[in-house]
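K.L.:
Have a look at this one before I ask anything.
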Amino acid sequence: MTTLHLPARKPFNFTSVLNSHGWRQLAPFSYDETANILGYTLRLSNGRVGELMMCNDKDGVRVETDKLKKSEQNEVAEAVNWMFGLDMNFSRFYAASRHEPKLARAKKQALGRVLRSPTLFEDVIKTIFTTNTLWGATKNMTHKVVDEFGNLVTTEHHEHLTLTANNKAFT
């Protein structure tokens with residue numbers, strides 16, 4: 001088991017990022033609302049697949065996954081940093097928003113970050129699926145694409161589907 005503690009630029013609120021929009025409801029994300037744990041199946045550049053379990057940490061995000069080599073840990077850290085915008089600086093936004101009553105709570109609640117997929121490809125696919133449709137249809141389309149075209153990968157504990165740009169369906 002590998003546990004990574006990834007710090008975030010303050011202010012940071014794990015739950016605010018998860019609730020920024022509905023990505024957590026779209027495959028290959030999974031979300032345990034009771035435990036406030038976000039899951040994601042990530043294919044690393046070496047082809048290995050890891051199931052990431054992400055939760056709030058004192059100063060950012062804690063990631064638990066199967067045992068990883070140092071290079072794999074770095075790749076996971078980079079992906080999670082991107083997904084949560086851990087290094088993003090919102091100080092100018094917070095300074096500008098404090099004078100607007102509707103935005104005054106932004107800094108206190110650490111609003112501004114948006115949960116992203118680890119790849120631009122996946123975000124583009126999901127964004128297309130949100131266009132001119134209902135949210136239920138977006139969730140259905142995403143699950144169908146992952147089920148139909150995702151790459152089936154077996155890890156030590158589960159079988160997972162991942163969605164990557166190099167899948168034959170997208171080339």
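K.L.:
Can you pull out every residue in region 17-28 that is of a type in the set (A, V, I, L, M, F, W, C), in a loop (DSSP other than H, G, I, E, B) and either touching a Lys or Arg at 6+ places or on another chain (Cβ under 8 Å) or surrounded by fewer than 17 Cβ atoms within 10 Å (Cβ to Cβ) (or both)?
P.N.:
LEU26 - this is the single residue of region 17-28 that is of a type in the set (A, V, I, L, M, F, W, C), in a loop (DSSP other than H, G, I, E, B) and either touching a Lys or Arg at 6+ places or on another chain (Cβ under 8 Å) or surrounded by fewer than 17 Cβ atoms within 10 Å (Cβ to Cβ) (or both).
K.L.:
Only one of THR34, THR41, THR119, THR127 is at pLDDT 95 or above and more than 12 Å from LEU4 (Cβ to Cβ). Can you tell me which?
P.N.:
Sole residue among the options that is at pLDDT 95 or above and more than 12 Å from LEU4 (Cβ to Cβ): THR34.
K.L.:
Right, another one. Test GLU64 against the criterion of being out of contact with any strand residue (DSSP E or B) (no Cβ under 6 Å at 6 or more places or on another chain) and of a type in the set (D, E, K, R), and give yes or no.
P.N.:
no
K.L.:
Shifting gears a bit: Quick check on region 99-114. Is at least one of its residues within 18 Å of THR2 (Cβ to Cβ) and β-branched (Val, Ile, Thr)?
P.N.:
No, the conditions are met nowhere in region 99-114.
K.L.:
Among the candidates ALA110, ALA79, single out the residue that is among the hydrophobic types (A, V, I, L, M, F, W, C) and modelled with pLDDT under 95. Give the steps one after another, and end with the answer.
P.N.:
On the way: ALA79 fails: modelled with pLDDT under 95.
Criteria check complete, one pass: ALA110.
K.L.:
Hey, another quick one. If the Cβ limit is 9 Å and pairs must be 6+ apart or interchain, which residue in region 132-156 that is surrounded by 12 or more Cβ atoms within 10 Å (Cβ to Cβ) pairs with which residue that is modelled with pLDDT under 85 and among the aromatic types (Phe, Trp, Tyr)?
P.N.:
The qualifying pairs are PHE149/PHE170.
K.L.:
Being part of a strand (DSSP E or B) and more than 14 Å from the chain's Cα centre (by Cα) is the filter here; which residues of region 34-49 pass it?
P.N.:
VAL49
For (1) farther than 15 Å from ARG113 by Cβ; (2) not hydrophobic (A, V, I, L, M, F, W, C), each residue gets a yes or a no:
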| residue | (1), (2) |
| --- | --- |
| ASN19 | no, yes |
| GLN25 | yes, yes |
| PRO28 | yes, yes |
| LEU44 | yes, no |
| ARG48 | yes, yes |
| CYS55 | yes, no |
| GLU64 | yes, yes |
| GLU72 | yes, yes |
| GLU75 | yes, yes |
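K.L.:
Could I ask something else about it? With respect to PHE14, is the statement that it is surrounded by 14 or more Cβ atoms within 10 Å (Cβ to Cβ), aromatic (Phe, Trp, Tyr), within 14 Å of the chain's Cα centre (by Cα) and over 18 Å from ASP123 (Cβ atoms) true? Give the steps one after another, and end with the answer.
P.N.:
Details: surrounded by 14 or more Cβ atoms within 10 Å (Cβ to Cβ): yes; aromatic (Phe, Trp, Tyr): yes; within 14 Å of the chain's Cα centre (by Cα): yes; over 18 Å from ASP123 (Cβ atoms): yes.
Considered against the rule, which asks whether it is surrounded by 14 or more Cβ atoms within 10 Å (Cβ to Cβ), aromatic (Phe, Trp, Tyr), within 14 Å of the chain's Cα centre (by Cα) and over 18 Å from ASP123 (Cβ atoms), PHE14 comes out as yes.
K.L.:
Same structure again: Between ALA106, ALA95, ALA77, ALA110, which is in a loop (DSSP other than H, G, I, E, B) and out of contact with any Pro (no Cβ under 7 Å at 6 or more places or on another chain)? Quick ask: steps written out before the conclusion?
P.N.:
Working: ALA95 fails: in a loop (DSSP other than H, G, I, E, B); ALA77 fails: in a loop (DSSP other than H, G, I, E, B); ALA110 fails: out of contact with any Pro (no Cβ under 7 Å at 6 or more places or on another chain).
Criteria check complete, one pass: ALA106.
K.L.:
Would you pick out the residues in region 95-113 that are surrounded by 14 or more Cβ atoms within 10 Å (Cβ to Cβ) and either on the phi > 0 side of the Ramachandran plot or touching a residue at least 40 places away in the same chain (Cβ under 8 Å) (or both)?
P.N.:
LYS107, ALA110, LEU111, GLY112, ARG113
K.L.:
Let me ask something additional. Return yes or no: is TYR31 hydroxyl-bearing (Ser, Thr, Tyr), in a strand (DSSP E or B) and surrounded by fewer than 18 Cβ atoms within 10 Å (Cβ to Cβ)?
P.N.:
Working: hydroxyl-bearing (Ser, Thr, Tyr): yes; in a strand (DSSP E or B): yes; surrounded by fewer than 18 Cβ atoms within 10 Å (Cβ to Cβ): yes.
Yes, satisfied.
The values are calculated or read from the model by the stated rules, or taken from the named source; none is laboratory data. Note that the coordinates shown come from a computational prediction; the quantities given were computed from them, not determined experimentally. Quick reminder, even Gly has a Cβ in these numbers, built from the backbone with ideal geometry, and neighbours come from all protein chains shown.
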